[in-house]
Amino acid sequence: MQAVILAAGKGTRMAPLTTPKPLLKVAGRPVVAHTMDALDGFEVIAVVGHGADQVKAAFGPTVRIVEQPRQAGTFDALLAARDLLDDRFLVLNGDDLYAREDIRACAAKDLALLAAEAPDASRFGVVDVQQGKLTITEKPARPATNLVNTGLYVLPREILSAPVQPSIRGELELVDAVNWLAARHRVAVVRATRWLPIGYPWDLLRANEVVLPLLKPVQAGEVEPGATLHGPVSVGPGTVIRAGAYIEGPVVIGSGCVIGPNCFIRPGTAIGDRCKVGNAVEIKNSIIGDRSSVGHLSYIGDSILGSEVNIGGGTITANLRHDQATVSVRVNGVLVDTSRRKFGAVIGDRVHTGIHTSIYPGRLLGNDTFPGEIVK
């Protein structure tokens with residue numbers, strides 16, 4: 001069966017992270033790598049657009065690639081692949097994570113939509129079934145149910161004929177085509193056992209927290225005497241864990257890293273390739289990008305660092321408000337509640353902090369910035 005991965009979007013809500021969303025890492029691997037694992041046995045077609053060359057390279061030679069010339073919506077992305085499609089195919093978002101068993105449960109149906117329960121249903125398309133007919137309402141202020149659309153469907157070629165008009169955003173939306181199809185045919189609703197949507201940077205942390213415990217740890221690096229690895233800890237080739245380091249899994253550390261001496265890496269942390277973690281550093285539940293360095297006496301908590309970041313000695317990412325409220329972040333001028341009581345900073349690529357820099361909860365640091373002693 002064919003599986004069409006929609007991987008052309010820009011992901012403007014992920015700022016300051018500018019890596020194409022399918023290439024952002026969860027548990028040490030790009031999102032697209034997890035997706036390809038889940039689609040083992042399918043004939044994969046990928047629709048790319050933003051960062052096309054990078055995304056193409058990540059998919060590899062076995063995937064048939066279609067480029068969406070202009071990012072004009074998810075239905076437009078599907079139409080870009082129309083010449084390759086069979087009479088029935090699976091469609092899924094390239095920047096979300098789905099369980100292998102859920103994909104196969106949908107593929108067993110003639111037509112299907114994968115739905116999941118969400119406490120914040122108004123963020124998504126809400127799924128409702130009345131008298132056997134499916135409807136999806138995009139981001140309603142008062143959701144009729146807490147069942148939401150995950151963006152994974154089994155569809156017929158007939159859907160390519162749907163008379164979809166541009167939405168308020170000026171895009172052709174696949175949801176509108178699915179509603180048109182559902183008015184004519186029965187579309188089965190399959191309940192997801194695991195779905196990890198990635199729309200905002202902090203969603204990467206949640207995905208990391210879920211996926212890391214599922215991995216089988218592999219130790220391919222060097223662990224010096226006096227270092228302690230407790231629980232499931234993966235260490236990549238060429239990485240050295242120096243004496244005095246205490247690493248409490250689940251943790252993934254990439255290749256070519258130098259960790260320690262005398263540091264504490266706590267559960268939920270994923271460290272990329274060729275990174276350095278210095279003396280007396282503590283990292284907790286965070287994602288550290290490739291070729292980044294966290295200098296001595298620093299604390300990184302519930303945070304995301306891009307690539308080639310240099311954290312100066314004594315830098316602290318505060319991850320808890322004094323009033324214990326959930327942390328909000330300003331995204332594209334709108335204050336968004338992360339629903340996380342503990343959330344630190346999102347730091348873009350090539351950021352260098354000065355010594356003793358203090359960063360308040362929920363702060364975003366753009367690419368190539370050089371914050372000084374206090375970032376408020």
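The values are calculated or read from the model by the stated rules, or taken from the named source; none is laboratory data. As the structure is a computational prediction, the values presented were derived from the model and not from experiment. We place every Cβ from the backbone using ideal geometry, glycine too, and count neighbours over all the protein chains shown.
Scanning the range 303-327 for residues that are closer than 22 Å to L24 by Cα and part of a strand (DSSP E or B) yields a count of 5. The single residue among A57, A8 that is out of contact with any helix residue (DSSP H, G or I) (no Cβ under 8 Å at 6 or more places or on another chain), at pLDDT below 95 and either among the hydrophobic types (A, V, I, L, M, F, W, C) or farther than 21 Å from P166 by Cβ (or both) turns out to be A57. For the range 215-243, the set of residues classified as without any contact (Cβ under 8 Å) to a residue 24 or more places away in the chain, in a loop (DSSP other than H, G, I, E, B) and surrounded by 16 or more Cβ atoms within 10 Å (Cβ to Cβ) consists of P232, T239, R242, listed by residue number. In the range 282-294, the qualifying residues are those that are touching a residue at least 60 places away in the same chain (Cβ under 8 Å) and part of a loop (DSSP other than H, G, I, E, B), and the one that is nearest to P250 (Cα to Cα) is N285. Residues of the range 309-330 that are of a type outside the set (S, T, Y) and free of Cβ contacts under 8 Å to residues at least 40 places away in the same chain: H322, D323, Q324, A325, V327, R330.
Evaluating P166 against the criteria (1) surrounded by 16 or more Cβ atoms within 10 Å (Cβ to Cβ); (2) touching a Leu at 6+ places or on another chain (Cβ under 8 Å); (3) modelled with pLDDT under 95; (4) farther than 21 Å from R186 by Cβ leaves one unmet condition, (1).
Checking the stated criteria, L212 turns out to be of a type in the set (A, V, I, L, M, F, W, C), outside any loop (DSSP other than H, G, I, E, B) and touching a Pro at 6+ places or on another chain (Cβ under 8 Å). Taking the listed residues A162, A188, A182, the one that is over 20 Å from R104 (Cβ atoms), in contact with a Lys or Arg (Cβ under 8 Å, 6 or more places away or on another chain) and aliphatic (A, V, I, L, M) is A182, with no other qualifying. Scanning the range 236-251 for residues that are within 18 Å of S293 (Cβ to Cβ) and under 22 Å from the mean Cα position of the chain (by Cα) yields G236, V251.
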